[in-house]
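Participant: Dropping the structure in here first, questions after.
The values are calculated or read from the model by the stated rules, or taken from the named source; none is laboratory data. This structure is a prediction, so every number in the text was calculated from the model and none was measured. Heads up, the Cβs are rebuilt from the backbone with ideal geometry, glycines too, and the neighbour counts pull from every protein chain shown. Quick note on the areas: whole protein, heavy atoms, side chains included, nothing else; ligands and nucleic acids left out. Shrake-Rupley method; radii C 1.70, N 1.55, O 1.52, S 1.80 Å.
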Amino acid sequence: MDEIENATISFRQRVLAFWHLFLEQEYEIRYLLNSLEDFEAADKLLGGLLATVFQHPVFLLRKQEEYYQLEVSADGDISRLYGLNYWRMQAPSAIEEQWDILVGKLPVEDPTQVEVRMEGLSIRADEIEVWPLFEPGGRLGLEYYSLEMLQLKPDMAYTLFCTMLEQCIGELCLMTNIAYINMLEAANFEEPLLLSELADFIADWQLAGQLPPQNDPLGLYSDYEMTEQDGMWELRKDIRSGNVSAAALPVLNCYYAQVDYLFWEQAEEGLIWGFLFYSGAGLTAEQRMHVCNGLEEDLNRIAAREQGVGECVGIAVGLEYMYLDCVCYDWDAFLEIAAQLLQSYGALYQIQTGGFSQLYKGGQTIKLL
């Protein structure tokens, strides 16, 4: 299949095809693990299946005593969690007894055993001092000190610490709870934690209600404000405030930075980021928000829960337009639902202008009103 044909297949179609193939071939994977103990062949077979959905799948296959575990990672890109979560939610119930399908790298069982050897240095998680700092948005900043890491180049030290941090607390916990990381050149005067103790620290504060109760980055939303821009009547340049999923924020940031690699990386897998917009001209502020909230509720009810073709991940208020940020697992099907809903609200509130645009600079814009 050439690249042009491949790009026309929606993410939803890819996911459904994967699970159909997995049902046909998962017995062979289990046979390779059980009878032959050939993990390399099992990884190769499973990697080929995953590549029908994801261009560069990062995964780990485990055989437990009574079941099998497939762990697929976002590989540090929080925006990929929407696609991965959708993929996991479509897993057929027929595999539940024998397979545990997970999104995000799990923490190690014993963080005190996390150790990295590099450039003649031995760096252990139970020797790295950390100071968690509570941020206003309910997440943690993290300062750390390691004499051994100070001997490395800063970018190497940062990468190494992030790797060890992920091993200690897990990928989803890191994405959910850690707002930033900062290496100190000298130890803090306050009593530190050890990196190997951080997972327990986070769990305790989750139970106390001071951190998100679940390690679910898709449940985190961020408010933002924007200042006046030149050409403010262009789409999104009139935005003054908004609220968006933390997992969608990197795509939004790329849009404003006028870089489109995140959009196209996922578009090549059939997953499309975009935004629905409509003019607020002639509407009161109350009406503008009523339409926006109604569209968001209806989109998530019909497109997400009933048909599984996309969902709304944020809203924004502009001087001229209102916006709903969306992720589409089936672009054509989602666009049809969005058009019907916008036209319905448009007729009720006499909205004259509205459409849908892909979320990158110069992206395709489709007129719906």
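Participant: Only sites in a loop by DSSP and with at most 10 other Cβ atoms within 10 Å count here; which GluC sites (Glu not before Pro) in the range 71-117 make the cut?
Facilitator: 97, 109
Participant: Right, next: Lysine pairs, Cα distance under 20 Å, 8 or more residues apart or cross-chain: how many in the chain?
Facilitator: Lysine pairs satisfying the spacing and distance rule in the chain number 5.
Participant: Still on this structure, I have one more. Using a/c under 1.5 as the rounded threshold, could you call the chain rounded, prolate or oblate? The axes a ≥ b ≥ c are square roots of the C-alpha gyration tensor eigenvalues, and prolate needs a/b larger than b/c, oblate otherwise. Each step should come with its number before you reach the end.
Facilitator: On the way: a/c = 2.19, a/b = 1.31, b/c = 1.67.
Oblate, since a/c reaches 1.5 and b/c is not below a/b.
Participant: Under a point spin-label approximation (7 Å from Cα along Cα-to-Cβ), what is the residue 343-residue 150 distance to one decimal in nm?
Facilitator: 6.7
Participant: Given 333, 93, 283, which one lies farthest toward the positive end of the charge dipole of the chain, if we put +1 on the Cβ of every Lys and Arg and -1 on the Cβ of every Asp and Glu?
Facilitator: Result: 283, furthest along the dipole toward the positive end.
Participant: Still on this model: Relative contact order of the chain: what whole-number percent is it, with Cα pairs under 8 angstrom and at least 6 residues apart?
Facilitator: It comes to 14 percent, rounded to a whole number.
Participant: Given charges of +1 on the Cβ of Lys and Arg and -1 on the Cβ of Asp and Glu, with all other atoms neutral, how large is the dipole of the range 80-174 about its Cα centre, in debye to the nearest 20? All intermediate terms of the calculation are to be shown ahead of the outcome.
Facilitator: On the way: 7 positive and 16 negative charges, 80 e Å.
Computed about the Cα centre, the dipole is about 380 debye.
Participant: Given just the C-alpha atoms of the range 44-97, how large is their convex hull per residue in cubic angstrom?
Facilitator: 94
Participant: To continue, here is another question. Note the full-extension length gain between residue 98 and residue 205 as 0.36 nm times their separation in residues minus their Cα-Cα distance, in nm to one decimal.
Facilitator: 35.2 nm
Participant: Give, rounded to the nearest 20 debye, the magnitude of the charge dipole that the range 206-246 has about its Cα centre when Lys and Arg contribute +1 at Cβ and Asp and Glu contribute -1 at Cβ.
Facilitator: For the range 206-246, the charge dipole is close to 140 debye.
Participant: I'd like the distance separating the alpha-carbon centroids of the range 68-116 and the range 240-256, in whole Å.
Facilitator: Centre-to-centre distance over Cα atoms comes out at 25 Å.
Participant: Going from most exposed to least, what order do 35, 241 have by accessible area with a 1.4 Å probe?
Facilitator: Solvent-accessible surface, decreasing: 35, 241.
Participant: Another question, if that's okay. What percent antiparallel are the DSSP beta bridges of the chain, to the nearest 5?
Facilitator: Antiparallel: roughly 85 percent of the beta bridges in the chain.
Participant: A further question on this structure: Under a Cβ-only charge scheme (Lys and Arg +1, Asp and Glu -1), can you give me the dipole magnitude of the range 266-322 about the Cα centre, in debye to the nearest 20? Intermediate results must be reported in sequence, preceding the final value.
Facilitator: Working: 3 positive and 9 negative charges, 31 e Å.
It works out to roughly 140 debye.
Participant: A further question follows. Cα extents of the range 182-304 along the three principal axes, largest first, in whole Å?
Facilitator: 58, 34, 32
Participant: Here's a follow-up. Could you give the distance between the Cα centres of the range 138-160 and the range 282-338, to the whole Å?
Facilitator: 41
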